[in-house]
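Q: The structure is given below, and queries will be raised subsequently.
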Amino acid sequence: MNIEIVTIGDELLLGFTIDTNAAHLARELAALGVRIVRRASCGDEAGSIAAAVRDALERTGAVITTGGLGPTADDMTKPAIASIFGRGMVMDAAILSALEERWRKRFGHELPASNHQQAMVPEGCTILPNRHGSAPGIWLEDAEQRWVVMLPGVPREMRGMLADTVIPHLRERLPVGGPVIRTRTLRTVNIAESALADKLGELARGVNGLSLAYLPGSDGVDLRLTSYTMPEAEAEARLAEAARLVRGKVGRFIYGEGDDDLAALMLAECATRGLTLAVAESCTGGMLGMRLTAVPGSSRVVQGGTIAYANAVKVRELGVSQGDLDAHGAVSEPVARAMATGARLRFGTNIGIGITGIAGPEGGTPEKPVGTVWVAVDLDGEVHAVRAILPGDRSEIRYRAAQLALDRLRRLFENDHDAIGWTARG
């Protein structure tokens, strides 16, 4: 089954609201074997809505919309789509009664006149109950079995209604044992997209009859394998074999799968080994500590941290040598090493991690350009350090520096000193 998505709202076109609804719909429907073949966004004007939905219906005959079901004058989705099907609008007494009761219970007064619009529905439609908000959804279908599902734009309501009503309806329409859409994602770190392609060689364009997509981000480059045309059992078997082949080529650069978070993985590894950890951060300003402590149960491992932004704080709180600062600068191997050791000793942990760098946009030099970062890991007195020049703007560099630190710890646990490039200069 092929479906198109139309998300509605001026706020989407103006960039004030990020369209998370379409992404959620695509993920959830793919699990059913439903393929989203096109996504579009349009404003709140009735003509724009009608044109976008009409074009989508002509291509696939199946459309899901989000937005424009509220009580205000700019909520034009229902009448605009009803006009495509040649349907009028009628008042639904049951919806009106439910709205009135909701307002009396929640707000203690009568339903505002503007909210009566939410009880107006296209003739001959199917009402989709909304247990998560006030605006019901609509399923509108014609004799040719072309259909449009209208869902609220509020993400919490849309997601709840999708699970409650839309997915069960769609599941009934899908053939048993038919093709499904399945994916498997391998997460890599500290390797560029082009370098991954070189390592994959003949697998770079596809693996085992499956498509392979490269998805770069601040965490690293995700490799996503996708099956579109196979039954579930065959798809899962093909994906498992393809993942094995990719791991054989990429190896140590893969740190996890799916939604794995490197911070959570490292905390779990530390807990298994009975190790504690502390951090000392300069350019990242607490970002590594934030990522670690965002993981439930992190208190078993993380003891504390120091944001040593000023050189005087590095000296006073972490024991960094003023001589090293004068001779090498704050962004240097000796300082990163001293920060890691200082964090370990100050907090009495097994592991100390130090990060210092130039996040920009200013402060770079020919010898130390913006993006230069030194990371050091002290494990029970054995200190390892690495330098990298990270791409991106200030926020991306800071995030990637924290990810680099986590990856250094991972490599150390794997005894992968050659792969790490400890004390490497580039």
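The values are calculated or read from the model by the stated rules, or taken from the named source; none is laboratory data. None of the values given here were measured: they were computed from a predicted structure. Methodologically, a virtual Cβ is constructed for each residue, glycine included, from the backbone with ideal geometry; neighbour enumeration extends over all protein chains shown. Side chains are part of the model used for accessible areas, which takes the heavy atoms of the whole protein and leaves out ligands, DNA and RNA. Shrake-Rupley method; radii C 1.70, N 1.55, O 1.52, S 1.80 Å.
Q: Working only within region 28-49, note down all residues that are assigned to a helix (DSSP H, G or I) and either open to solvent by 30 Å² or more (accessible area, probe 1.4 Å) or farther than 14 Å from V148 by Cα (or both).
A: E28, L29, A30, A46, G47, S48
Q: Of the residues in region 216-237, how many are at negative phi and touching a Ser or Thr at 6+ places or on another chain (Cβ under 6 Å)?
A: Summing the residues that are at negative phi and touching a Ser or Thr at 6+ places or on another chain (Cβ under 6 Å) in region 216-237 gives 5.
Q: What's the number of the only condition in (1) in a helix (DSSP H, G or I); (2) of a type outside the set (D, E); (3) within 23 Å of the chain's Cα centre (by Cα) that V295 fails to meet?
A: Going through the list (1) in a helix (DSSP H, G or I); (2) of a type outside the set (D, E); (3) within 23 Å of the chain's Cα centre (by Cα), V295 breaks only (1).
Q: Hey, could you check region 231-250 for residues that are open to solvent by 20 Å² or more (accessible area, probe 1.4 Å) and aliphatic (A, V, I, L, M) and say which is farthest from E193 (Cα to Cα)?
A: Per the criteria, the residue is A233.
Q: What pairs come up if the first residue lies in region 20-35 and is over 13 Å from L162 (Cα atoms) and in contact (Cβ under 8 Å) with a residue 24 or more places away in the chain, the second is acidic (D, E) and open to solvent by 20 Å² or more (accessible area, probe 1.4 Å), and their beta carbons are under 9 Å apart, counting only those six or more places apart or on different chains?
A: Listed pairs, sorted by first residue: G33/E232; V34/E28.
Q: So, one more: Is it fair to say G108 is out of contact with any Phe, Trp or Tyr (no Cβ under 6 Å at 6 or more places or on another chain) and within 21 Å of V6 (Cβ to Cβ)?
A: No, not satisfied.
Q: Going through region 355-372 one residue at a time, which ones are free of Cβ contacts under 8 Å to residues at least 40 places away in the same chain and surrounded by 14 or more Cβ atoms within 10 Å (Cβ to Cβ)?
A: Scanning region 355-372 gives G360, G363, G364, K368, V370, G371.
Q: So, in region 1-27, exactly how many residues are hydrophobic (A, V, I, L, M, F, W, C), part of a helix (DSSP H, G or I) and more than 15 Å from M158 (Cα to Cα)?
A: 3
Q: Same structure again: Just one of A294, A271, A264, A308 is touching a strand residue (DSSP E or B) at 6+ places or on another chain (Cβ under 6 Å) and in contact (Cβ under 8 Å) with a residue 24 or more places away in the chain; which is it?
A: That would be A308, the only listed residue that is touching a strand residue (DSSP E or B) at 6+ places or on another chain (Cβ under 6 Å) and in contact (Cβ under 8 Å) with a residue 24 or more places away in the chain.
Q: Name the single residue, out of those in region 251-274 being modelled with pLDDT under 95 and within 19 Å of K199 (Cα to Cα), that is least open to solvent (accessible area, probe 1.4 Å).
A: G251
Q: Test G9 against the criterion of being under 21 Å from N115 (Cβ atoms) and touching a residue at least 40 places away in the same chain (Cβ under 8 Å), and give yes or no.
A: Yes.
Q: Just checking, which of T20, T7 is of a type in the set (S, T, Y) and open to solvent by less than 10 Å² (accessible area, probe 1.4 Å)?
A: Sole residue among the options that is of a type in the set (S, T, Y) and open to solvent by less than 10 Å² (accessible area, probe 1.4 Å): T7.
Q: Let me confirm something: among R159, R187, R171, which residue is modelled with pLDDT of 95 or more and in a helix (DSSP H, G or I)?
A: Matching residue, one of R159, R187, R171: R159.
Q: State all residues of region 373-419 that are among the acidic types (D, E), open to solvent by less than 50 Å² (accessible area, probe 1.4 Å) and modelled with pLDDT of 95 or more; if no residue qualifies, say none.
A: Those that are among the acidic types (D, E), open to solvent by less than 50 Å² (accessible area, probe 1.4 Å) and modelled with pLDDT of 95 or more: D378, D407.
Q: Sticking with this one: When you go through G61, G86 one by one, which is the residue that is in contact with a strand residue (DSSP E or B) (Cβ under 9 Å, 6 or more places away or on another chain), at positive phi and at pLDDT 90 or above?
A: Within the list G61, G86, the selection yields G61.
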